[in-house]
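Inspection log for the structure reproduced underneath, given as structure tokens.
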Amino acid sequence: MSGGVNVAGSSAIRLDRVWMTYHTREAETVALADISLDVAPQEFVAVVGPSGCGKSTVLSLVAGLIRPTSGSVEVCGEAVTGPSGHVGYMLQQDCLYEWRTILGNALLGLEVKRAVTRESVEMVRHMLDAYGLGEFERHYPRHLSGGMRQRAALIRTLATRPDVLLLDEPLSALDYQTRLEVSEDLYRIMRAERLAALMVTHDIAEAIAMSDRVLVMSKRPGRIKSGHRISLTCERQTPIGRREAPEFRAYFNAIWKELTEDGHAVAGGSEHADERGWAPAAV
Amino acid sequence: MQTNADGRPRRCSGPGLTGRPGPLAHSDRLRSSGEHETFLRSLARRRMLVGTARAMLLVAFVVLWEVAARFGWINAFVVSQPSRALATAMSMARRGELWIHLGMTVGETAIGFTVGTLIGIVAAVMLWWSDLLSDILDPYIVVLNSIPKVALGPIFIVWLGTTVTAIIAMAISISVIVTIMMVYVGFREVDPDRVKLLRTFGATRLQILSKVVLPASVPVMIAALKVNVGLSMVGTIVGEFLVSKAGLGFLIVYGGQVFNMSLVMSSVILLSIVSVLLYYGVSALEQAVLRTRE
């Protein structure tokens, strides 16, 4: 599925010295300070950071929803000037429209792009089949479980054949069981479709389990503090399998330490308490 | 199960009735099936009691009114009496007048709330489309909302003449501002993530409107329609008081002027029946639409 756009050597996503400042009547807020990052074709990069550090702003920039104050944003070697066909965006909520059937929801992106053809509908139905939602295509979202809904949302995103996937805490609205289950699905599907992905999350374990590289962001103004290339020795390269790798805990502790270093973890105490429970021993 | 222990009757929210899965809940339900029957019986008894009491209240009121008028406890000339009101209505029905008046009022009201709702929705779309416009118009909408619309009646009559159009204008004016406010707020409360999702696909503002804002606001629009049924009826009746030669509002005013209280009373009763039926009609529409949603 990764389009021919990914010329060898060029990045799937590239941010170069990006600054982002928000203005309100009360104040001027620097959300991102000098962010540079590269995501290679087919690479899965996770960004972790405390709440409000501007993680989601990075995704909005890549999606072309907002423009940076300075610096440049490129997707597949093209400067981002607005929402483009290269990018698929998954949000924390599945955002399925309850008045549309699952098929109708999955076709939403194609409808917006005026690309609904007999072939594209056939392709979407094939994807629904392949990911276990075939028999539900005429059902409404309320009939589906949380995990199935998130899978339907993923198919809606993939239907537009993006080259790059942006994941904005795609699992955090799900309960623990479903979360593991969906992370498996997500991982499998993304690897199968050979997509590059940028995922933001505040869940360290999830970031390590799913990605090739974890970037740690500081509190606002958001900067990239460090990067960790994740290399895990385990039999099954799936999020659950990867949690069992011996190196997992070391990565977890290193990233956890960096996040807590400048004291901002105190503010996000509950989140991090949750993450501690997510240490490999829990799986 | 706590409800079992202290012997109080099981409520709908009790653990046995939630259908929570698992062997415990299942055996729990079996064990307490006798108690459950008792609970269901007590529900049915209560429903019966409420229904009977409602009917009795109406019957008692009508009988008391009739008897009081007959025995001269109250002045039947001033307050009329059920038998006379019924006779008046029946004779109007026989002459066919009744249906003309009913049709007039129902028609004016229906056009009033339909057109009022539609204009309101279109205006709300315009305000949603342009934040600048909504900022500019905000104080005017507040003023239009606070003036009693019936005060505009004479203006409509001067502009539109003593016609059905003036009555409908009255009915529309009374419902349109409320619709604008309700629907506009509804538009603004559409989940921002759902809008964001469309924007990531590169949706235009028109697509955002048609694919998420309007469909997501259908419940709000129906709620506005429901409110407007009552409001348009007020507009219609006031309009008929002022200008008309037909309609229930006309009958009420005419009856009052010639001191025919039976005509007034029968018209008021018919009016309440009509307004309830219209309300239930829109409620049924609401149920039908919302059934397909969560």
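What shape does chain A take by its C-alpha gyration tensor, where a ≥ b ≥ c are the square roots of the eigenvalues and a/c under 1.5 counts as rounded, a/b above b/c as prolate, and the rest as oblate?
oblate
For chain B, the longest stretch holding no trypsin sites (Lys or Arg not before Pro) located in a DSSP loop with at most 12 other Cβ atoms within 10 Å is which?
B:12-244
Rg(Cα) of the protein assembly as shown divided by 2.2 N^0.38 Å?
1.32
Gap in Å between the Cα centre of the range B:214-263 and the Cα centre of the range B:45-119?
15
What length, rounded to one decimal in nm, is gained on full extension from B:I100 through to B:T38, with 0.36 nm per residue of separation minus their alpha-carbon distance?
Result: 17.1 nm gained on full extension.
Can you divide the C-alpha Rg of the range A:87-130 by 2.2 N^0.38 Å and report the result to two decimal places?
Compactness ratio reported: 1.17.
Rank the residues B:V176, B:V79, B:V238 as a footprinting-exposure proxy: fewest other Cβ atoms within 10 Å of their Cβ go first.
Fewest to most other Cβ atoms nearby, the residues stand as B:V79, B:V238, B:V176.
Enumerate the lysines that B:K149 could reach by cross-link, defined here as Cα to Cα under 28 Å, with residues fewer than 8 away along the same chain left out.
B:K226, B:K245
Any idea which of A:L110, A:G82, A:Y97 is furthest toward the positive side of the dipole for the range A:78-152, if Lys and Arg beta-carbons carry +1 and Asp and Glu beta-carbons -1?
Looking along the dipole axis, the top candidate is A:Y97.
To the nearest 500 deg cm²/dmol, what mean residue ellipticity at 222 nm is calculated for chain B from DSSP H runs of n ≥ 4 alone, each contributing -39,500 (n - 2.57), summed and divided by the residues? Show your work: numbers first, answer last.
Numbers: 14 runs with 230 residues, N = 294.
Computed ellipticity for chain B at 222 nm equals -26000 deg cm²/dmol.
Kindly state, to the nearest 0.05, the FRET efficiency for B:L118 paired with A:E247, given R0 = 56 Å and r defined as their beta-carbon distance. Show your work: numbers first, answer last.
Working: r = 64 Å, r/R0 = 1.15.
My answer for the efficiency is 0.30.
Can you put A:H202, A:H139 in order of Cβ neighbours within 10 angstrom, beginning with the fewest?
A:H139, A:H202
Test of understanding: ordering B:V59, B:V289 by Cβ neighbours within 10 Å, fewest first, what list do you get?
Numbers: B:V59 10, B:V289 14.
The most exposed by this proxy come first: B:V59, B:V289.
Read the figures in this text as sums done on the coordinates, not as results from a lab. The model shown is predicted, which means the values in this text are computed figures rather than measured ones. FYI the Cβ positions are ideal-geometry reconstructions off the backbone, even for glycines, and counts take in every protein chain you see.
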